[in-house]
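Read-outs: derived from the displayed coordinates by stated rules, not from any lab. None of these values were measured; they are calculated from a predicted model. In this analysis, Cβ positions are derived from the backbone assuming ideal geometry, glycine residues included, and neighbour counts consider all displayed protein chains.
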Amino acid sequence: MLSELKNAHIGYLWSRFRDRYPKVQEQPSLEPSFETFGTPPMAQQPSFRFEQFIGVPATRYWFETADDTGLCQVQNDRIIHNWRKREGDYPRYEYVRAELEKDLNTFEEFLVAEDLGSLRFNQIEVSYINTIDLPGTDNPHGAVEQVISTWTRLDGVGRDLEDIAFRARFLMSKDGVPNARLHVSLAPALETTTLNRVVRLDMTYRGKPESNDRSSAMKMLDEGRAAIVVAFADMTTPEMHNHWGRTDVQR
């Protein structure tokens, strides 16, 4: 955590980001999220949280591109880069990774200039949010077997599947030692612009890099992306691969 990074410093940071991110917003801070190993992770349960703040609560800052597709999020214990679909196609992982590198360069230069410490990476996370439509299907929420290869319909007389949601966790290991988890969730959703019914498939890879330096963090980010690509191909059906024009995934 960058304990010396205060809200008062953010104006100086934005002055460095502003050419790429002309818009800024304040958001509530995100809770810490760490993968630990040795004991089974507890299933997430609904919870309520009440806080009494002593001093100024931590703030998360959104730095946004003019077209809203690029987003850099900064708070005192993390930096995140997001690509958000507005118009046009996904620009591919390599582009998003390069944008994150630019964010890190700017942020590290700012920390040095303001004598606020240095970045030490203790957790990385890469996420893909996939909204999947099913052409020719009135209710994609009830036709998940066309998307997910592991799902089998259980319909019967007077029993039609209306929708489905599920979550799964996969333990990832390197050299026989657990070092990350792949979180997968599927749920019915609405496409934000058309309000068409779609299936939302989220995949998140999270873990601790081998070392706390930047190169180790970026290496693990690449490993996480590769794990997600393979898992997505394994979990989705050949019919959807044909629909997307997908080629075989190298493993």
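A few remarks follow.
- Ranked by how many other Cβ atoms sit within 10 Å of their own Cβ, fewest first, the residues Arg167, Arg197 fall in the order Arg167, Arg197.
- The chain - mean residue ellipticity at 222 nm from DSSP helices (-39,500 (n - 2.57) per run, n ≥ 4, rounded to 500): -7500 deg cm²/dmol
- Under a Gaussian network description of the chain, with springs only between Cα atoms under 10 Å, the residue in Leu186, Leu119, Leu161 that fluctuates furthest is Leu161.
- The order of Glu145, Glu64, Glu26, going from fewest to most other C-beta atoms within 10 Å of their C-beta, is Glu26, Glu145, Glu64.
- Ordering Val230, Val184 by the number of other Cβ atoms within 10 Å of each residue's own Cβ, fewest first, gives Val230, Val184.
- Segment 124-244: relative contact order in percent, alpha carbon pairs under 8 Å with at least 6 residues between: 32 percent
- Cα-based convex hull volume of segment 172-218 per residue, rounded to whole Å³: 94 Å³
- Shape summary of segment 124-244, radius of gyration then Dmax from alpha carbon positions: 16.8, 59 Å.
- Reducing segment 65-143 and segment 222-248 to their Cα centroids gives an inter-centroid distance of 20 Å.
- Above-threshold pairs, the threshold being 29 Å between Cα atoms, out of Lys6/Lys208; Lys6/Lys85; Lys23/Lys208: Lys6/Lys85; Lys23/Lys208
- Mean shadow area of the chain, taken as a quarter of the surface of its Cα convex hull (nm²): 17.1 nm²
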